[in-house]
1. Give the residues of the range 304-360 that are in contact (Cβ under 8 Å) with a residue 60 or more places away in the chain, in contact with a helix residue (DSSP H, G or I) (Cβ under 6 Å, 6 or more places away or on another chain) and of a type in the set (Val, Ile, Thr), sorted by residue number.
2. Can you name the condition, by its number, that Leu437 falls short on among (1) under 28 Å from His550 (Cβ atoms); (2) buried (at least 21 other Cβ atoms within 10 Å of the Cβ)?
3. Quickly run through the range 557-581 and pick out the residues that are closer than 27 Å to Val628 by Cα and small (Gly, Ala, Ser).
4. Please determine, by comparing only the residues of the range 536-564 that are open to solvent by 20 Å² or more (accessible area, probe 1.4 Å) and under 21 Å from Tyr638 (Cβ atoms), which one is farthest from the chain's Cα centre (by Cα).
5. Let me confirm something: among Ala572, Ala577, which residue is crowded, with 21+ Cβ neighbours inside 10 Å and under 18 Å from Phe717 (Cβ atoms)?
6. Taking the condition of being free of Cβ contacts under 8 Å to residues at least 40 places away in the same chain, more than 23 Å from Phe234 (Cβ to Cβ) and not in a loop (DSSP other than H, G, I, E, B), how many residues in the range 527-582 meet it?
7. What number of residues within the range 426-471 satisfy the criterion of being within 26 Å of His168 (Cβ to Cβ) and touching a helix residue (DSSP H, G or I) at 6+ places or on another chain (Cβ under 8 Å)?
8. Considering only residues that are out of contact with any strand residue (DSSP E or B) (no Cβ under 8 Å at 6 or more places or on another chain) and either aromatic (Phe, Trp, Tyr) or loosely packed, with under 15 Cβ neighbours inside 10 Å (or both), which ones fall in the range 367-408?
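The values are calculated or read from the model by the stated rules, or taken from the named source; none is laboratory data. Please read these numbers as outputs of a predicted model, since none were measured by experiment. Neighbour counts run over all protein chains shown; Cβ positions are idealised from the backbone, glycine included. Note: areas computed on protein heavy atoms with side chains; ligands, DNA, RNA excluded. Shrake-Rupley method; radii C 1.70, N 1.55, O 1.52, S 1.80 Å.
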Amino acid sequence: MIAYLRAAGTSLVLDARGPYPPVVLHWGADLGELAADELAAVADAATPAVPPSAVDQPLRLTLLPTPGQGWTGRPGIAGHWAAPAGHRAAPAGHQAGPAGPAGAARPTRPVDDVRLRAVRRTGDRGVWVESAMADGRLLVDTEIQLSPEGVLRVRHHVRNTAPDDDLHLASVDVLIPVPDRADELLDFTGLWAHERRPQRALLRHGVWSRETRHGRPGHDDPYLLVAGTPGFGFRTGEVWAAHLAWSGDKRLWAERQATGQSLLGAGELLAPGEIVLPSDATYTSPWTVAVWSDAGLDGLSARLHGWLRSRRPARRPRPVVLNTWEAVYFDHDLDRLTQLVDAAASVGVERFVLDDGWFTGRTDDRRALGDWYVDPRRWPDGLHPLIERVRAGGMDFGLWVEPEMISPDSDLARAHPDWLLGTVHTPTWRHQRVLDLARPAAYDHVLRRLNALLDTYPIAYLKWDHNRDLLAAGGAHRQTTALYRLLTELRGAFPAVEIESCASGGARIDLGIADLVDRFWTSDTNDPLDRQRIMRWTSVLMPLEYLGGHLGADTAHITGRATDLGFRLATALFGHAGIEWDLTAATGEQRGYVADWVAAYKRLRPLLHTGTLVRADSPDPGCQVYGVVDADRSTGLYALVALAAPDTAVPVPLRLVGLDPLRRYAVRPLLIGPQPRTMQVAPPAWLRGGGVTLSGGLLAEVGLPAPLLTPQQAALFTVDAVD
């Protein structure tokens, strides 16, 4: 069988004629209508030559390559069988022999020689493949799906069919070939408050591998591994990308063999002994999500954002949030918080979130995690008085929790020290340890406490935090699966409650947990200069409505950098907007600007949260131009951002990309907040006239003279079709 899947200008050709698992002959541009004989001709022509000093048959990269097929790169599956725990080993100094009488040791045997058993179509754009070892000890089912948006998903189900031995899995990965012209790589690294820093490399012979061992993706998460034609950008180049939809340890890699094959690989990073399958047990790998585009990174985003929105559309317009963290930290006082509630209501906030510090004994970050009871000393009447004030101001109420963590200095840790993940020597991180959710009693305790809070109070939203790495060998898989189960149970019991995934900022943003949450906290920093870069790259994968961005104080709490209000307002507009600033300390003028900004966000969010995100490529690294254009390309909103001083006295043109080249558009400045500062003697002529009308083609290719903004300033522009 040769399977041919097509959707949205992309296609996949899969040669499943055996004897080994299927071979991906093509993944990329749509090849058009192909008859069965044409597909067979393509498959036959794709059989490679046999080089000298190599296996004596054409070497083809299958979906599950192994050494038994002649593959010398990273295998698609690896592991071995061994007798179950408790089986007596051979005496010291003696070699284990073949299986014999009861109690005799059996030799281990590696996974290898995987062969095709069956293949069938599943709907118009799906394939199910059954592969097995020739001796019948292993069965692997592979799911392949191509979405209507052109997003490819692949995962494996591995079942141990050996009657007596346990299967110790070392790795189960998805490998997808890419053509040799894809020889430039992009992935990401980062630090706390500096997530998603892009890095590029050339793909040469060997492996470029990124592994995370945080028990969460981490601040240095590779995030999305992209291979593309040299010099690819946001709007140019052909690109192939892979992401692992998993919130635990993982690896992504690109590999080019000296024999000519190039590929992207992804899979859960398994610790030794982490996955041991007894007879008839199954392990299911995370989905590998893969995307191709011939329109650069924006083409990837268009496919991914459309796919995510079709799967998990926002349940309501994303409300303007005020989070109390940088306003009050742990200083929870009803009178002070009431003033903040009133200030939030006065500017149009729609959701008020009480952050860390509300539960028993929590006066700083050194104690009380796990004691999820409202502090009776700070809140003698519970949270009811605060929530009543919030709801009277027309807002719903949200609450911060960190259910996966436990403080050594807590009643829970003193009562159940065995619930702490790791050993007595595992170091604390932010003065806390990890609660072992794989322990049924610990899991049930957390679920009961969350249920009690949600039963007692009208909580519309949980900010779910995760402030440390696990640092527990072999614990990542079970902790991640327990987390998914906990979120699933909670959402089933309280389907109206929204959940934000926060992990000391943006250390857990992935497509695995995206099925279970409604928002991501993109980074702990509210510094707009850093946020511009972080949002730019995080949004390659995630749509803007998933990404929380908050308006912070004049001086950023993390970096100490002072920025103008207009720059902060423009930065926080593009995302799920919120405020993390003590508005009671803001001047009347500042609060007026904030109220205008909130009103503009509410007016613009249908566009921002459903439109197509577009980003211009600029030769000046200090200048960014990006925007959102609606589905029929009739209207849009753009930002011109000066991150640093320009490279030239006259800045590069303002190119508004993503519009219909044949339609004419009125371009007008949009002022939200104070006028941006410039260092120009006079503005460009088109701005002096209040705007200009030009075709989309001219706006993208020629552009407009840009205002000369000073560093850390932003200007906004609307575009509206006039014909």
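1. Listed by number, the residues that qualify are Val320, Val347.
2. (1)
3. First, pick out the residues of the range 557-581 that are closer than 27 Å to Val628 by Cα: 563-581.
Result: Gly566, Ala570, Ala572, Gly575, Ala577, Gly578.
4. By that ranking, first place goes to Asp564.
5. Details: Ala577 fails: under 18 Å from Phe717 (Cβ atoms).
Step by step, each of Ala572, Ala577 is checked, and only Ala572 is crowded, with 21+ Cβ neighbours inside 10 Å and under 18 Å from Phe717 (Cβ atoms).
6. 2
7. The first filter runs over the range 426-471 and keeps only residues within 26 Å of His168 (Cβ to Cβ), leaving 426, 434, 436-440, 443, 469-471.
Those still in the list that are touching a helix residue (DSSP H, G or I) at 6+ places or on another chain (Cβ under 8 Å) too: 434, 436-439, 443, 470.
The total comes to 7.
8. First, the residues of the range 367-408 that are out of contact with any strand residue (DSSP E or B) (no Cβ under 8 Å at 6 or more places or on another chain): 367, 376-381, 384-385, 388-389, 392, 394.
Result: Pro376, Arg377, Trp379, Pro380, Asp381, His384, Pro385, Glu388, Ala392, Gly394.
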